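Read-outs: derived from the displayed coordinates by stated rules, not from any lab. Computed from a prediction, not measured in an experiment: that's the story for all the values here. Cβ atoms come from the backbone with ideal geometry, glycine included; neighbour counts cover every protein chain shown.
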Amino acid sequence: MAKTPAALVIDQDVQARFEIKQVIKACGLTVAGESSFGIDAVSQATETRPDVIIIAVNEPMERALQTVESLLSLLPDTPVIVYSESREIESARRAMLAGARDFLPRPLRPDVLRDSVLKAMEAEENRRLRKAGQIEAAPTQGTVITVFGAKGGIGKSTVATNLAVALAKSSTSSVAIADLDNGFGDITGMLDVKPEKTLADLVRDIERVGRDDIARYVTRHEQSGLGVVAGPSVLEWRELPIDGVRRAVDLLARTYDKVVLDTSGQLNNVSELAAEMATILLWVTTTEFASVRDTMEAMRAMKALSYSEERMRVVLNAISPDDTVRASVVQDALQRPIFWEIPYDKRVRQATHLGQPIVVTAPQSVAARSFTDLATVISGGRLEQSKKTLGGFRWRGTPQPVVAEGS
């Protein structure tokens with residue numbers, strides 16, 4: 001953006017306004033002004049003309065909601081973001097009906113607020129441009145599932161390929177996987193497909209490729225119908241512009257219902273792009289000390305880069321039969337809940353050597369069922385009531401109770 005967005009803070013509580021202003025500054029925005037409700041708020045908005053308005057809405061809500069409506073009458077193109085002590089859906093609904101773009105619970109986190117402000121401003125700008133006829137209405141975007149891990153040898157690509165095949169097999173949705181490992185990615189080998197074109201060809205031709213043309217750059221996985229976009233060679237990666245990669249992924253997301261992105265085991269411009277474009281980021285780790293340590297370090301780096309952690313989900317992948325470390329220990333170390341656990345299954349490695357995902361070679365195995373259940377959850381489906389709950393989602397447990405209920 002050309003300038004740092006300026007926010008007007010509106011709250012009856014002076015101390016609360018001070019706290020919110022600190023959060024605004026912490027997330028890299030500026031404070032345009034502050035006020036209480038009513039005429040004072042309208043006066044401040046008229047004087048400061050902020051880029052965004054951030055307003056408290058607590059019970060009783062009437063005065064705050066009247067202020068929201070008055071501000072939108074005055075500045076209809078300025079997004080309003082509400083924050084509240086309430087977690088009630090009805091409170092959020094009333095705020096949205098009044099015209100708020102987002103409803104955030106207190107205490108506000110800088111990364112969450114920044115993400116909300118930037119998305120609200122982007123949506124408003126796109127609305128304005130569409131209204132002026134300067135851009136066409138945006139096409140529907142598919143779900144982008146980025147699979148990342150901060151270390152090699154943790155089964156990241158195994159998770160990505162099995163999940164992608166499970167998604168393709170378990171629904172009528174169109175699914176594609178793209179190899180964004182700019183080291184030595186080998187998605188095609190793990191799926192035993194022989195592509196004629198790679199991501200490099202798609203990026204080079206991106207100016208003249210539309211949704212109807214993309215099939216020429218995608219190889220079909222016969223057992224599942226999954227579309228596979230092969231990764232370029234290591235040397236070809238050096239020549240690819242990062243914006244071209246972005247546009248290629250964007251085109252895939254506008255063509256397929258779900259797109260799985262496999263990434264390298266390092267934080268670099270390609271993996272950061274894949275994380276940025278993700279609808280959901282599956283962060284793979286194991287219980288090994290080195291894997292957990294690297295995960296902690298990479299997560300700190302992502303936070304420093306202002307990546308929103310709201311889309312991040314930790315996947316614990318068991319790669320050894322001798323693993324005795326409980327998932328709760330990893331959870332405590334990362335200070336994040338374990339979203340999913342892939343149980344150890346020796347047939348996973350055997351299937352990989354054959355160039356066939358375990359969800360194809362042994363669909364009833366414990367690992368394959370776990371991948372299938374993960375695909376179901378990501379697709380918004382429900383699992384059987386008999387299955388355990390993990391991180392708020394239904395989960396098919398392993399023979400060993402490695403995760404506590406409700407963790």
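What the table shows:
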| quantity | calculated |
| --- | --- |
| Contour minus Cα-Cα distance for Gln15 and Thr279 (0.36 nm per residue) | 91.5 nm |
| Local electrostatic count, Val315, Cβ distance below 12 Å [Lys/Arg +1, Asp/Glu -1] | +2 |
| The chain: antiparallel DSSP beta bridges as a percent of all, rounded to 5 | 10 percent |
| Additional length obtainable on full extension of the chain from Ala304 to Asp186, 0.36 nm per residue less Cα span | 39.5 nm |
| Long-range amide H partners of Thr198 with built H, under 5 Å | none |
| Computed [θ] at 222 nm, helices only, for the chain once each DSSP H run of length n ≥ 4 contributes -39500 (n - 2.57) | -12500 deg cm²/dmol |
| Equivalent-ellipsoid semi-axes of the range 1-127, from the Cα gyration tensor, Å, largest first | 19, 16, 15 |
| Packing-based order for 368-378, 210-220, using average beta carbon neighbours within 10 Å, highest first | 368-378, 210-220 |
| Inter-label distance, nm, simple model (7 Å from Cα along the C-beta direction), Ile39/Met96 | 3.5 nm |
| Residue-span extension gain [Ala123 to Glu207] - 0.36 nm each, minus C-alpha spacing | 27.8 nm |
| Placed amide H near Ile342: partners under 5 Å, 5+ positions off or other chain | Leu316, Asn317, Ala318 |
| Cα centroid separation, the range 179-246 to the range 29-44 (Å) | 50 Å |
| Where labels lie 7 Å past Cα in the beta-carbon direction, separation of Asn268 and Ser320 in nm | 2.7 nm |
| GNM top mover of Gly381, Gly189, Gly244 - the chain, alpha-carbon springs below 10 Å | Gly381 |
| Cβ-based net charge around Asp40, under 14 Å, with every Lys or Arg adding one and every Asp or Glu removing one | -2 |
| Interchain or long-range residues, amide H under 5 Å from Leu226's placed H | His221 |
| Overall dimensions of the range 220-312 by Cα: Rg and Dmax, Å | 14.8, 42 |
| Net charge of Cβ neighbours under 14 Å - reference Gly183; Lys, Arg +1; Asp, Glu -1 | -2 |
| Most mobile of Ile177, Ile342, Ile53 in a GNM of the chain (Cα contacts under 10 Å) | Ile53 |
| Max mean-square fluctuation residue, GNM over the chain, Cα-Cα springs under 10 Å, options Ala298, Ala98, Ala168 | Ala98 |
| Correct choice for P(r) over Cα pairs in 10 Å bins from 0, in percent that was computed from the model, options (i) 4, 18, 22, 19, 16, 12, 6, 2, 0, 0; (ii) 4, 20, 26, 23, 17, 7, 1, 0; (iii) 4, 18, 20, 17, 12, 10, 9, 6, 2, 0 | (ii) |
